[in-house]
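Structure record follows, encoded as structure tokens.
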């Protein structure tokens with residue numbers, strides 16, 4: 001076990017993502033305003049997968065999946081280089097890469113939604129969906145995470161993915177541990193839908209566990225863990 005930087009410094013690093021001085025990286029409010037001001041010529045592009053797009057997307061957005069091998073071909077065929085392009089993904093990482101890629105292809109005016117569709121829905125902005133029984137879930141925002149850390153003595157973060165079998169196996173265990181330890185706030189974070197936060201915490205595999213006590217990251221681990229092991233970790237942390 002070892003101490004790492006106070007969590008406040010992590011938030012400083014995190015905020016660097018959202019406080020980029022790039023004039024083409026826009027907040028939800030600015031993205032919405034700019035999109036409306038250029039409504040006649042704007043090309044709104046959702047660069048997520050078709051499944052994500054179907055689950056919920058901004059009205060009038062076209063879907064060009066950035067992870068497809070034919071993204072370049074589709075972009076050249078579908079988009080007009082003389083008109084502004086507005087791109088977004090789920091949390092902002094893919095759209096940033098897509099914006100850089102499009103500029104490399106000769107698109108001069110490419111606007112990127114900071115925080116992505118997650119921040120859009122978290123800001124109560126409207127969207128449309130092809131699904132009848134599902135709704136997109138907003139990613140964990142930086143202010144949300146900051147508030148959770150500040151208002152709880154101990155925060156246990158469980159980074160998981162939907163396809164991870166070990167993650168599913170340890171979830172009931174972590175729920176039990178949190179229920180029996182009232183000082184602990186259990187925070188479950190989908191690492192694929194919260195890629196910015198995951199990258200700052202250096203999540204390279206799932207499950208990954210991070211424990212923060214009084215604003216300091218005091219322990220982290222990966223892989224399958226037993227109840228005995230996690231209880232031993234907590235006992236050591238309680239003495240700090």
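Apply the Debye scattering formula to the chain, with a single equal point scatterer on each alpha-carbon and no solvent, then give log10 I(q)/I(0) at q = 0.10 Å⁻¹.
Listed by q, the Debye log ratios stand at -0.54.
Please determine, in degrees from 0 to 90 and to the nearest 10, the orientation of helix 227-238 with respect to the longest principal axis defined by the Cα atoms of the chain, where the helix direction is its Cα long axis.
Rounded to the nearest ten degrees, it is 80.
Can you tell which of 127, 111, 88 shows the greatest fluctuation in a Gaussian network model of the chain with Cα springs below 10 Å?
Top of the fluctuation ranking is 127.
Considering the chain as a Gaussian network with a 10 Å cut-off on Cα pairs, which listed residue, 226, 129, 95, attains the greatest mean-square fluctuation?
Most flexible of the set in this elastic network: 226.
Remind me, relative contact order of the chain in percent, using alpha carbon pairs under 8 angstrom and six or more residues apart?
Working: 372 pairs, mean separation 51.9, N = 240.
The value is 22 percent.
What is the distance in Å between the Cα centroid of segment 211-240 and that of segment 43-94?
41 Å
State the three equivalent ellipsoid semi-axes of segment 65-117, derived from the C-alpha gyration tensor as the square roots of 5 times its eigenvalues, in descending order and whole Å.
Details: eigenvalues 57, 35, 14 Å².
Values for segment 65-117, descending: 17, 13, 8 Å.
So what's the angle, to the nearest 10 degrees on a 0 to 90 scale, between helix 165-180 and the longest Cα principal axis of the chain?
The helix 165-180 is inclined about 50 degrees to the chain.
Sort 219, 163, 120 by Cβ crowding within 10 Å, fewest neighbours at the top.
Values: 219 20, 163 9, 120 23.
Going from least to most buried by this count: 163, 219, 120.
Please express the Cα-Cα pair-distance distribution P(r) of segment 189-240 as a list of whole percents, one per 10 Å bin, running from 0 to the bin with the greatest distance.
Each 10 Å bin holds this share of Cα pairs: 22, 49, 27, 2.
Just to confirm the number: angle between the C-alpha axis of helix 142-151 and the first principal axis of the chain, 0 to 90 degrees, nearest 10?
20 degrees
Please arrange 60, 217 by how many other C-beta atoms lie within 10 Å of their C-beta, fewest to most.
Working: 60 11, 217 21.
Arranged by neighbour count, lowest to highest, 60, 217 become 60, 217.
So what is the 222 nm mean residue ellipticity for the chain from helices alone, if each DSSP H run of at least 4 adds -39500 (n - 2.57) and you divide by all residues, rounding to the nearest 500 deg cm²/dmol?
Working: 10 runs with 99 residues, N = 240.
About -12000 deg cm²/dmol.
Using only alpha carbons, build the gyration tensor for segment 140-238 and give me the equivalent ellipsoid semi-axes, biggest first, whole Å.
Gyration-tensor ellipsoid for segment 140-238: 19, 18, 11 Å.
Ranked by Cβ crowding within 10 angstrom, fewest neighbours first, how are 27, 220 ordered? Before the final figure, lay out each step's value.
Values: 27 14, 220 18.
Fewest-to-most Cβ neighbours within 10 Å comes out as 27, 220.
I'd like the Kirkwood hydrodynamic radius of segment 20-122, using the inverse of the mean 1/r over distinct C-alpha pairs, in Å.
Details: mean 1/r = 0.0751 Å⁻¹.
Hydrodynamic radius (Kirkwood, Cα only) of segment 20-122 equals 13.3 Å.
All of the numbers you see were taken from the coordinates with simple rules; none came from a lab. Everything quoted here is computed from the prediction, not taken from an experiment. Because the Cβ atoms are built from the backbone with ideal geometry, glycine has one as well, and the counts that use them run over all protein chains shown.
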